[in-house]
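Visitor: One structure coming up, written as structure tokens, with questions to follow.
Throughout, read-outs are computed from the coordinates displayed, never taken from laboratory work. None of these values were measured; they are calculated from a predicted model. Cβ sites come from the backbone with ideal geometry, for glycine too, and all protein chains shown count toward neighbours.
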């Protein structure tokens with residue numbers, strides 16, 4: 001027994017895809033069933049006609065090529081303006097941060113502790129490695145043979 005048109009059968013909730021596909025086709029008006037394929041065919045015919053005209057008409061070729069070049073140039077300009085806008089916003093937020101920090105320093109007269117940066121970390125690590133190396137050399141009695149001099 002097929003369910004009524006308005007509500008699907010409860011037992012066939014999400015299992016009957018065919019029912020929903022047919023129901024969608026039944027809900028489309030007859031005018032649209034005729035108009036949609038007809039307009040699709042007309043659009044395809046227009047596409048073929050413009051393509052044939054493009055191949056045989058030198059002025060249309062120049063117009064289309066100029067339009068595409070102008071569109072490409074506009075796209076490059078918009079993208080570069082977008083990147084510059086993002087960079088300026090980032091620099092402006094940095095400036096505001098520096099300004100807040102300067103205001104805090106001027107109002108309190110103290111500096112906040114400096115965060116350890118990448119270079120300082122590497123420098124301290126290198127010092128630690130070199131001190132361990134020289135300590136091992138000293139404990140082992142130094143270098144066995146003298147270093148060559150230049």
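Visitor: Set the Förster distance to 22 Å, then compute FRET efficiency between residue 56 and residue 34 from the Cβ-Cβ distance, nearest 0.05.
Guide: With a Förster radius of 22 Å, E is 0.05.
Visitor: For a label point 7 Å from the Cα of residue 86 along Cα→C-beta, name the residues of the stretch 39-78 whose backbone N is under 17 Å from it.
Guide: Of the residues in the stretch 39-78, 75-78 have backbone N under 17 Å from the label point off residue 86.
Visitor: Can you classify the stretch 34-83 as rounded, prolate or oblate using the Cα gyration tensor, where a ≥ b ≥ c are the square roots of its eigenvalues, rounded means a/c under 1.5, and otherwise it's prolate if a/b beats b/c and oblate if not?
Guide: Values: a/c = 6.78, a/b = 1.65, b/c = 4.10.
It comes out oblate by the Cα gyration axes.
Visitor: Next question. Using 0.36 nm times the number of residues separating residue 66 and residue 41, minus their current alpha carbon distance, what extension gain do you get?
Guide: Full-extension gain reported as 6.1 nm.
Visitor: Please give, to one decimal in nm, the separation of the simple spin-label points placed at residue 108 and residue 49, each 7 Å out from Cα toward the Cβ.
Guide: 7.6 nm
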